[in-house]
Structures are given as C-alpha cells and as structure tokens.
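Below: the structure, in structure tokens.
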Amino acid sequence: MNFGSARVRGLQTVWPALAGAAQAASMAMPGNGQAQGWLQVLSLSLLAAGLVRTARDDQPARSSARQAAWSGGVFATAWLTGCFWWLFVSMHDVGGLPAPLAALAVGALAAALALYYAAAAAAWVVLARGVMAHRPGLASALFAALWTLAELMRGRWLTGFPWGAGGYAHVDGVLSVWAPWIGVYGIGALAAWLAMRLALTGWVLRALKPLIGMGLVSWGLQAWGPTFTTSAGMGQVELLQANISQSAKFDAASGVRDALQWYDAKLRSSQQALVVAPETAVPLLPRHLPEGYWSGLQQHFAATGRPMALVGLPLGSQTEGYTNSVVALGPTGSLDYRYDKSHLVPFGEFMPPGFVWFVQMMNIPLGDFRSGGWAQPSVHWQGQRLAPNVCYEDLFGEELAIRFKDPAQAPTVMVNVSNIAWFGDTLAVDQHLSISRMRAIELGRPMLRATNTGATAIIDHQGSVTHQLPRFTRGSLTGAYEGRNGMTPFARWASAWGLWPLWALCCTLVAWAVVRSWRRRQ
C-alpha cells in the first residue's frame, strides 16, 4: 500500500472540505447569524491557492484537471451542505423521513450541485496554465468567469436553487456597494476575482494591493456614487407573526383553528394603513373555511376608512389548479388584487417527474400548484405600488426585476410573505433575511417581511433592518417605511435582459481562454 499517496489524497480532501465549511459559515456565522464577507473571500482563496498549486504541477493536464475537479467538488459539497443542512429538519423532523435517508438526500443534493463548481475548477487549471505567471489579472478574471458561470447554472438550471451564493456573504461588507450596479452574482464574481488574485500573489505585502485597491474603489463608489432612487413617501405597516409550528400548521384541531382565530383578531384590530399576514396565514381554501369567515374579513376591510390587508392563502380548485397566493382586502371598488406565486419550490409546491415516490415517503401535506405570471402588477395603495413575492421568490433578483420593465409602474415597495417554519430554529432564518436585504439593495426598494416564525422585519432601500420582531414569538411588528421611485442600474438591465449580460460576459472570457489555449498547443 502506498501510504504517501493515500496521505496526499486525504489532504486533498480535508483542506477543501474545511475551506468549504468556512465558506458556508460566511453566509451566516453560527452564533450570531451575521454574514462575513472577509471569510467568504478568505475561504475561496484557500481553494484558489490549491488550484494554483495544481496548475503549476508538472503532471499532465488531464491529471491536473481531475485533481482540481476533486478539490472544487469537495469544497462545494461542504459549502452547500453547510448552507442548507436545515433541509434535514423539514424532511426528518417535520416530514418523518428516516434520519439516514434525510441526511443522504441533503448530501446528494449538495454533491449534485457541486458538480458545477468541480467543472469550473478543472477548466481553470487547464486554461490558466499559460496565463498565471505573467498575466495574473487575466487568470483571476478567468477564475471569476468560470466560478460565476457555475453560480449561474446552479441558480437557473433545473428551476434553480441559488441559496448560499457567494455574494450574499457581502450584504454587510465593502462589496455591498456594488449590488445596485451588478447584483449578487456580480458581487460573487468580484469576490472570486479577489480570491484568485490573493492566491496568485506570492507574499503578504503584495497580497494587500488587490485588497486595498478593491476597498478604495468601493469606498469611493459609496462616498461619491450617484443616488438612483428618490422618496415616494412614507407609510405605516403592521406585520403579523403567529409562530405556529409546521407540524401543527395543517392540523385542524390545533394549528388551523389557532391560525384562523389569531389572524382574524389581529387583522380586524389593526390600526395601521397596511397590515400584512404571511404565506398561508389562512391555511385553507376559502370554500373550506368556516361559514362567514372569509366574507366577514372582506366586509370588514371594505368599509370606508379601513386599512388594506395583504393576506397569504391558497386559492383555486382541482379543475383550474391551485395557487400559493396573496390577496388584497380593502375598500369596495378600489381593490380587486391577487398575486399568485410564480417561482414554485420543487418537491414543496410541485413534483418533479419521477420523484413522487420520494414525496410519498414523507408525512407532509404537499401538492401540485400552478405558477402565476412573471410580470404581475403591483397593488396601488395610498400613493405606493406594493409588489408581493412569496417565500423564496426573493431569492431570484432577476425575476423580481421583471416588474421594473415599465419605470412608471415599477414597485415602490416590495412585500415578502414567508413561512420557513419547515426548517425550525436554524440559520435558514438568518440566511433568508440576508437574501431579502440583498434584494432591497439591488433594486433600491424597501422590503416588508411578514413571516410565520421569523424573521419578520422592515428593511429599508439600503438593505438595513430598521425594525425586527423577535423570532419564534407571537406578535405583530409596527413601523414606518419609505417607498422609493427611480431605477438602479441592476433593475434597468436585469428587467430588460435578465442575467444574460453576465452569462455573455463570462462566456466570452472563457471562449477567449479556450481559443488562446488551443493556439498555444499548435
């Protein structure tokens, strides 16, 4: 047995796994839930340093590519598992799936998504060999392009699951100033460029140059950059949080009865101009509600001088299909508004072909919903245009940007209604809050978050949490918000072209590297 080679293989597994775990922690640090941009860059630079060593080896390109793919895959598997391990809670604690199967499912998902990053790492080692020594900036840009393509593929292909994308670690960091310009994927690209630039730098003092340069540019942009939005006026809102556990939520004798009683009382007693109840706050179809319940709420808010309510509930029928919706209740004749969730959750809201057996193993009331349209209008209320989105729809900034195609009708306020009680008291709550904050910065709009268990919060257009309700408590959050008019650069280009400019830029750079590598071999 070759103990030396076994030890090398072990090290090639351990160090990228540890770096990947650090990458996961950078999204929401265990203990305080805060994002740590410096740790994201540092952990990615450790992977990049390993790739640099691999690329400089004298071994054949194919062997180097295999080693790089392994390192990149291990890193990404550890990172992604650490980011969404809480899926185990929904499958095992809530769904009753045996623990080994639930753990296997989380690991398999992470490993499958890690293939994108394994391919990016292997491609960089092959393509960067002739560039690293004399053109480190281009080698770093190539790594950023390949890594960003992996992020884009994960975020868009097979319905997309971009949870834990690298850019979210910078919601509080120096790089957040770039969000209104290039969005979270662009921030991730800058971080990847910086990580590889650090890895290619031979000693500590030289490593400070890219850090200082990026810091100065970002600081200058923050200090002297343009203001893209203007005030659309102030408003008052009450956000409701019933704190009903997921295991009880659809139990008729406990969660359903509790929700109907509590939300009915809070909605009717609200004295604010706007009151928001979270996703499926009313957990039944209107026709299945107690007689007079839904019509009573409609009549209450139809009266002159009442506030407007945004309420999450399921709608539809077996023939027309079901939707996860938000309905506006307000004065008769002035409101007839409904928003249907567009980006559905695989396994949660629709069954991917061939996986019905998996869902049937869990004791969770799931079903097939139909998607709403992508460009649904906002609801107009007291000079504001309120744009609802449901749960993890705020994970897709390019989809929220579609509503900004017509600047005159662009939302002034975004409203997220969520229920992530599926995942218990885990870092999923902190991660989702960071996601909402990043959307607020990207689009230059406040985000009002009404959730079942947390984090219920008011976020301003700069991504700062101005009000927040304690998590896993029952209560309501009352506070002021400021709507905004105007368009950030990200809102402009993403509303027109989606993420295609990023795809095109990254693909162009990779194509250049491929051609250059081919010519070098001739």
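Points worth noting:
- Yes/no for Gly107 being assigned to a helix (DSSP H, G or I), in the same structural domain as Gly188 (by TED's automatic domain parsing) and surrounded by 18 or more Cβ atoms within 10 Å (Cβ to Cβ): no
- From the list Arg471, Arg484, Arg449, the lone residue that is touching a helix residue (DSSP H, G or I) at 6+ places or on another chain (Cβ under 7 Å), under 21 Å from Ser176 (Cβ atoms) and among the basic types (Lys, Arg) is Arg449.
Per-residue answers, yes or no, for (1) over 16 Å from Gly50 (Cβ atoms); (2) surrounded by fewer than 22 Cβ atoms within 10 Å (Cβ to Cβ); (3) not assigned by TED's automatic domain parsing to the domain that holds Gln40:
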| position | (1), (2), (3) |
| --- | --- |
| Trp124 | no, no, no |
| Arg129 | no, yes, no |
| His134 | yes, yes, no |
| Leu138 | yes, yes, no |
| Ala144 | yes, no, no |
| Leu158 | yes, yes, no |
| Pro162 | yes, no, no |
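- Selection status of Arg62, farther than 27 Å from Ser140 by Cβ, part of a helix (DSSP H, G or I) and either among the aromatic types (Phe, Trp, Tyr) or modelled with pLDDT under 95 (or both): no
- One residue stands out among those in segment 485-499 that are within 22 Å of the chain's Cα centre (by Cα) and not hydrophobic (A, V, I, L, M, F, W, C): the one that is nearest to Ile402 (Cα to Cα), which is Ser495.
- Output for segment 391-412, where each listed residue is over 25 Å from Asp430 (Cα atoms) and touching a Phe, Trp or Tyr at 6+ places or on another chain (Cβ under 7 Å): Ile402, Ala410
- Residue within segment 39-49 that is touching a His at 6+ places or on another chain (Cβ under 8 Å) and either under 26 Å from Arg437 (Cα atoms) or hydroxyl-bearing (Ser, Thr, Tyr) (or both) present: yes
- Any hit, segment 307-329, residues being modelled with pLDDT of 90 or more and assigned to a loop (DSSP other than H, G, I, E, B): yes
- Pairs, first polar (S, T, N, Q) in segment 175-194, second not in a helix (DSSP H, G or I), C-beta under 7 Å, six or more apart: Ser176/Gly463
- If you go through segment 130-161 and keep only what is on the phi > 0 side of the Ramachandran plot and assigned to a loop (DSSP other than H, G, I, E, B), you end up with just Gly160.
- Verdict on Pro407 being modelled with pLDDT of 85 or more and over 30 Å from Leu109 (Cα atoms): yes
- Residue tally, condition farther than 21 Å from Leu46 by Cβ and either in the same structural domain as Gly424 (by TED's automatic domain parsing) or assigned to a helix (DSSP H, G or I) (or both), over segment 66-90: 5
- Within segment 47-67, being surrounded by fewer than 21 Cβ atoms within 10 Å (Cβ to Cβ) and closer than 16 Å to Ala191 by Cα holds for one residue alone: Ala49.
- A single entry from Ala49, Ala35 fulfils the requirement of being of a type in the set (Gly, Ala, Ser) and either farther than 21 Å from Asp425 by Cβ or assigned by TED's automatic domain parsing to the domain that holds Ile420 (or both): Ala49.
- Any hit, segment 382-392, residues being buried (at least 23 other Cβ atoms within 10 Å of the Cβ), outside any strand (DSSP E or B) and touching a helix residue (DSSP H, G or I) at 6+ places or on another chain (Cβ under 6 Å): no
- Within segment 208-251, considering residues that are of a type in the set (Phe, Trp, Tyr) and in a helix (DSSP H, G or I), the one surrounded by the fewest Cβ atoms within 10 Å (Cβ to Cβ): Trp224
- If you go through segment 73-89 and pick out every residue that is touching a residue at least 40 places away in the same chain (Cβ under 8 Å) and more than 20 Å from Tyr168 (Cβ to Cβ), you end up with 3.
- Within segment 507-522, residues that are not assigned by TED's automatic domain parsing to the domain that holds Leu149 have Cβ atoms under 7 Å from residues that are loosely packed, with under 13 Cβ neighbours inside 10 Å and in a helix (DSSP H, G or I) in no pair, counting only partners at least 6 apart in sequence or on another chain.
- Selection count, segment 382-404, where residues are modelled with pLDDT of 95 or more, over 18 Å from Ser325 (Cβ atoms) and of a type in the set (S, T, N, Q): 1
- Test: residue in segment 225-238 that is of a type in the set (Ser, Thr, Tyr), under 18 Å from the mean Cα position of the chain (by Cα) and modelled with pLDDT of 95 or more: no
- Boolean, Ser218 is at pLDDT below 95, of a type in the set (Ser, Thr, Tyr) and outside the structural domain of Val311 (by TED's automatic domain parsing): yes
The values are calculated or read from the model by the stated rules, or taken from the named source; none is laboratory data. Note that this is a predicted model, so its numbers are computed, not measured. FYI the Cβ positions are ideal-geometry reconstructions off the backbone, even for glycines, and counts take in every protein chain you see.
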